[in-house]
Structures are given as C-alpha cells and as structure tokens.
Amino acid sequence: MNNIIDISDVNKSYDIGNEKLHVLKDINLKVKKGEFVSILGPSGSGKSTLMNIIGCMDNLDDGSYILDGKDIASLDDNSLALVRNEKVGFIFQKYHLIPKYSVIQNVMMPLLIRGVDRKIAKEKAIEKLRLVGLGERLKHKPNELSGGQQQRVAIARALVSNPAILLADEPTGALDSQTSKEVLELFKELKEKGNTIVMITHDNSVANCGDRIIKIIDGNISN
C-alpha cells in the first residue's frame, strides 16, 4: 500500500507574547491508504496542532507534508482550503450539523458548495446515509435524532465527497459508552471498505480500536 499521509521533520511554533511556543517538534508520520490510525495524547500534547496540520487547517513552519500525492508545505491559505475541501472529510466531537436543515440537506451540503448538480448530490447523500444506517431518517432534523445518529450523519457528510482521508477529532467525546462502541464499530466497517481514517483521541480504550496507535507527548511522537 502507498502512503497517503507522509509527514517528515515537521515543526510548528506559535508566538505567545514575546515568547515562541514550540508545539510540534520534528514530527515524522506515515499513514498507508486504508489504514485506521489513532493519534493518542493528553491535553497540551500537540495532538490538536498535528490534527490541524494533517487536515490542512494550518501551515507548518518547516519540514514536508505530502497528502495523497499533493505537496502541502508550500501552499498558501487559499490553496490549502481547496485541498482541505477535496482531500479531507472531517468528523467532529460536536457533530457541527446545521439545525434548520434536514439530515439529507446536511449531507448534501459539501457537494452543493462544490457546485455538484443537486440531483447527483442527493443521490450520493442517500447512498452514504444508507451506508451508515440512516436511510430511514432522511427528512429528520438534527434535534430529532439521538447523539449517535447525529454523529452518523456527520460521518455520512464526511464521506459524501469521497475524501482521501477521514479525520475524526474526539468522535466519541459527546457520546455514552454504548453509542461510542457503535460509532467505533462503524469506523472499523468503513476501514474494511477501504477508507483511510485518522482519529484524534485522549482515551486509550478508544485509541485501541485503530490498527495502530501513534502517541504524542510534549510535541514529540513517542513509539
């Protein structure tokens, strides 16, 4: 399998007043296509900054980052936004669904923003909602769904554009233990279908659901 994520010697610092905070330190990370990788670390470890780099939401200071064959390190903000839209499907802890829109409208949204024909967008949205077990909930509003169902809608929305990677940020953080287990089982099923998943978490039991665990502590990857 080819590496879909190839990060080499990446550093990231932020200016805090007159000080420079070195958050990521010579990070090296490779993820193969079709892998399910957990990035595990406590609060303040640098895992959120690493997630922002992987998701093309922030620039790196130095080093190299190749995402699905695309050289990310040299891109400006506008180019980063384009790659982010094409290559990354985001799954957040708090779902980030639009309350006034139905389930199917929420899932169609990324395609409509790209200018995809509405009929095609609807067909793709229905396909992904069926995949996550919500084919009977198309017209419901988010507040008519359980937390687990809302997270499944968010997963369908992330999948609808056929991104290179699914990037999940604490995806079970707002769920009870049983619903968390169901969502993680869904991730395993998606992995078996060939999806590449990178999951950010502080929870060891959640991290153990991945194919392998990348530990980050004080801005360093620890093996």
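The values are calculated or read from the model by the stated rules, or taken from the named source; none is laboratory data. A quick note: this is a predicted structure, and the numbers were derived from the prediction, not measured. Neighbour counts run over all protein chains shown; Cβ positions are idealised from the backbone, glycine included. Ligands, DNA and RNA are stripped out before the accessible areas are found, and what is left, the full protein with its side chains, is counted by its heavy atoms. Shrake-Rupley method; radii C 1.70, N 1.55, O 1.52, S 1.80 Å.
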* What number goes with the only condition from (1) modelled with pLDDT under 90; (2) more than 22 Å from Lys215 (Cβ to Cβ) that Cys56 does not pass? -> (1)
* To do: Note down all Cβ pairs under 9 Å where the first residue falls in segment 93-114 and is of a type in the set (D, E, K, R), the second is outside any helix (DSSP H, G or I), and they're at least six residues apart or on different chains.
  => Lys94/Gly173; Lys94/Ala174; Lys100/Lys141; Arg114/Ser161
* Residue check: is Ala125 in contact with a strand residue (DSSP E or B) (Cβ under 8 Å, 6 or more places away or on another chain) and crowded, with 19+ Cβ neighbours inside 10 Å? -> no
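Per-residue answers, yes or no, for (1) more than 20 Å from Glu35 (Cα to Cα); (2) in contact (Cβ under 8 Å) with a residue 60 or more places away in the chain; (3) over 13 Å from the mean Cα position of the chain (by Cα):
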site: Leu134; (1), (2), (3): yes, no, yes
site: Arg137; (1), (2), (3): yes, no, yes
site: Asn143; (1), (2), (3): yes, no, yes
site: Gly148; (1), (2), (3): yes, no, yes
site: Ile165; (1), (2), (3): no, yes, no
site: Asp169; (1), (2), (3): no, yes, no
site: Ala174; (1), (2), (3): yes, yes, yes
site: Gln178; (1), (2), (3): yes, no, yes
site: Val183; (1), (2), (3): no, no, yes
* From the set of residues in segment 94-122 that are farther than 26 Å from Gly173 by Cα and assigned to a loop (DSSP other than H, G, I, E, B), which is most open to solvent (accessible area, probe 1.4 Å)? -> Asp117
* Looking at (1) open to solvent by 10 Å² or more (accessible area, probe 1.4 Å); (2) without any contact (Cβ under 8 Å) to a residue 60 or more places away in the chain; (3) in a strand (DSSP E or B), can you tell me which one Asn59 breaks? -> (3)
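Would you pick out the residues in segment 156-198 that are of a type outside the set (Lys, Arg), assigned to a helix (DSSP H, G or I) and either open to solvent by 40 Å² or more (accessible area, probe 1.4 Å) or touching a Cys at 6+ places or on another chain (Cβ under 8 Å) (or both)?
Ser177, Gln178, Glu182, Leu184, Glu185, Phe187, Glu189, Glu192
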